Each structure stands twice: as structure tokens, then as C-alpha cells.
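In what follows, a structure is listed as C-alpha cells, so that the remarks can point back to it.
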Amino acid sequence: MLDVRRLRLLRELAARRTVTAVAEALSYTPSAVSQQLAALERDAGVPLMERVGRGVRLTDAGRLLAGHADAVIAQLEAAEVDLAASRGHVSGRVRIACFQTGAHALVIPAIGPLETRHPELQCELVQADAESSLPALRLGDVDMVLAEEYDHAPRTRDPALEHRELCRDALVFAVPVGHPAAQQETIAFADLRDDEWAGGETGTAWNDMIERACRSMGGYEPDVRHNVDDVRLILSLVAGRGAVGLVPALGLHNEIEGFVWRPPAEGRLDRKIFTAVRRGTAERPALQALREELAVQARALGLETVDNP
């Protein structure tokens, strides 16, 4: 019978690509990982890896077995969830990865009340955008992800993960107080055609959303000169550098002065905030309790929440 621990190493190798990366993630030595993978290959009776330069890659049989490892591990996680539910109380360690504004406005306010009600629960926050946190979730590095997506830049869905929309957060323009459009009740994308923009880091959904929205609603390519993922920093660039931005309403609550915000003239734009967990852990009591408390915090901020089964 194949060893589950060795199967996990194979799955990690399929995702992380190198033995060294697997060793670092699991706190093993590279030689220990290599020895366990060699033992799994002997048990399987077929080559699972092949040498490529100084590294290795999975054979067709290795990729096939790695896919089965996903299913096996998910089933074991589901068994652990059933056992946790049978105890009748919320406990354990939960690591949640979240983007910056969501961490400030939703996760941090949720952790205190949750741990007060459930003293055996330990919550840990990891600041990370979806581009890195969703792969980390799939590999088991975190237990839940709170992430965002935009109508103009939807995210692909990993079948190994369960996504549930939590709430919606309006997107608004931020412009300097002296900007001509600051005197208007709403701002059109076309009004900002000639401005320099502050947006998300290159390759992120935020940056992609700004570029797509400017193309589709303004008919131009935005001059995104400042690529940062910190809303506070973007607002500082707006107030102090004269840039413009399209920012989430959750990020407007700070002490920065020198900017005004206005809704888009083309109609409301939202970002969807969602939670993601591995499918095998979706019914874990601690994760359910955390999501319920996140919804409480979202409603307290006046955000439109979504009821999910």
C-alpha cells in the first residue's frame, strides 16, 4: 500500500517543482525528501520522476499519481473535519491569508470576538494577495483565504478549492482636491484620460482591472506609473504626487488628507470579496465560525453580504 506521507511529498513536488522547495516548505532536508520519493517510486513500481539537468520532473505516471494524492489528502481532511464536528466545539489553529484592506477592516476585527467565544481556537493572520495565497491554500500552507476579484478581471476557479462570495465593496475614484473632476458629483473614466495613475502591482488582478476598465469605459490605455498594492500608499500618491486611482471604499478610512473620492459616472463598480478553503475542510467548525464572524464584520461596515449555504 502506498504511504500517504510520501504521496504528499509527491503532490508538493508537482506544485513546488523542486526538491529544495519541498524541503523548505515541510521543514525537511532535501536528502530526506529525495529518499522518501525514491521509496514511493519503488512502492509504485514505475518511474515517477526523471532527471532534468540538476533537477527532476514528474513522469506521466508521476503526474497521474500526484492527482490521486490530491483526492486522498482531501478525503483525509474530510475525515478530520467529521471528527472535529463530533467534538461539538470550535477549536484548533486556523491560518487565514488576506489582502491588506480586508485584513484591516474584516479579519482583525473578527479575530478578537471569535477567540473570546471559542478559547480553544487560535487564529493567525498572513498578509498575502490572492496571486500567492490561493496556491498556498491548495498546498495546505494556510487554512482559509480572503481574497478579492473584479468584474473586469475575474479569477479562475481551482476545482480543489471551495469559493464562497462574502460581500461586495464599491470601487471609487480618488483624485487630488485640486483636480478639475473633483468638483463633479461623479467622475467618468474619460475624465482621467490624461492623468498619471497609481494602481496595483503589475500582474495583479487590481492592476488588470484598472487597465481593462479604462479600455472598455474610457477608450484608452491608462498611464499607470505607480505600481503599489497598498491603498494608503496610493492615496498618498494621489494627495502628494497628483496621481489618480480607482480604490476600494474599504480603504478610504484613514487620516490622509488632500484627496477626494467620487463614484464612477458609468455606474457602480464593485469588487467581490470571497473566502476560499480546500474542499475537504469546508465543513470544519473553526472555518465555518470564522466565515460567519467575517460576515458579521462586513455587515457592520454596511457592505452588501451574500448568504451561502
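Checking residue 60 against (1) touching a Lys or Arg at 6+ places or on another chain (Cβ under 8 Å); (2) surrounded by fewer than 18 Cβ atoms within 10 Å (Cβ to Cβ); (3) more than 26 Å from residue 288 (Cβ to Cβ), which single condition isn't satisfied?
The number of the failed condition is (1).
If the requirement is being at pLDDT below 95 and loosely packed, with under 15 Cβ neighbours inside 10 Å, which of these qualifies: 278, 299, 271, 284?
Just one listed residue meets the conditions, 299.
Wholly within segment 33-118, which strands (runs of 3 or more DSSP E) include no fewer than the required count, namely at least 1 residues that are touching a residue at least 40 places away in the same chain (Cβ under 8 Å)?
In segment 33-118, 55-58, 92-98 are the strands (runs of 3 or more DSSP E) which contain 1 or more residues that are touching a residue at least 40 places away in the same chain (Cβ under 8 Å).
Would you point out which residue out of 208, 191 is surrounded by fewer than 18 Cβ atoms within 10 Å (Cβ to Cβ) and outside any strand (DSSP E or B)?
208
For segment 79-101, does any single residue satisfy the condition of being among the basic types (Lys, Arg), over 30 Å from residue 169 (Cα atoms) and in contact with a strand residue (DSSP E or B) (Cβ under 8 Å, 6 or more places away or on another chain)?
For segment 79-101, residues among the basic types (Lys, Arg), over 30 Å from residue 169 (Cα atoms) and in contact with a strand residue (DSSP E or B) (Cβ under 8 Å, 6 or more places away or on another chain): absent.
Report yes if residue 141 is in the same structural domain as residue 100 (by TED's automatic domain parsing) and either modelled with pLDDT of 95 or more or charged (D, E, K, R) (or both), otherwise no.
Taking the combined requirement at face value, the residue satisfies it.
In segment 119-149, what count of residues is obtained for those that are in a strand (DSSP E or B) and in contact with a Leu (Cβ under 8 Å, 6 or more places away or on another chain)?
Result for segment 119-149: 6.
Please tell me if residue 221 is outside the structural domain of residue 301 (by TED's automatic domain parsing), acidic (Asp, Glu), touching a Lys or Arg at 6+ places or on another chain (Cβ under 8 Å) and not in a strand (DSSP E or B).
yes
The values are calculated or read from the model by the stated rules, or taken from the named source; none is laboratory data. Computed from a predicted model, the values in this text were never measured in an experiment. Glycine gets a Cβ as well: all are built from the backbone with ideal geometry, and neighbour counts include every protein chain shown.
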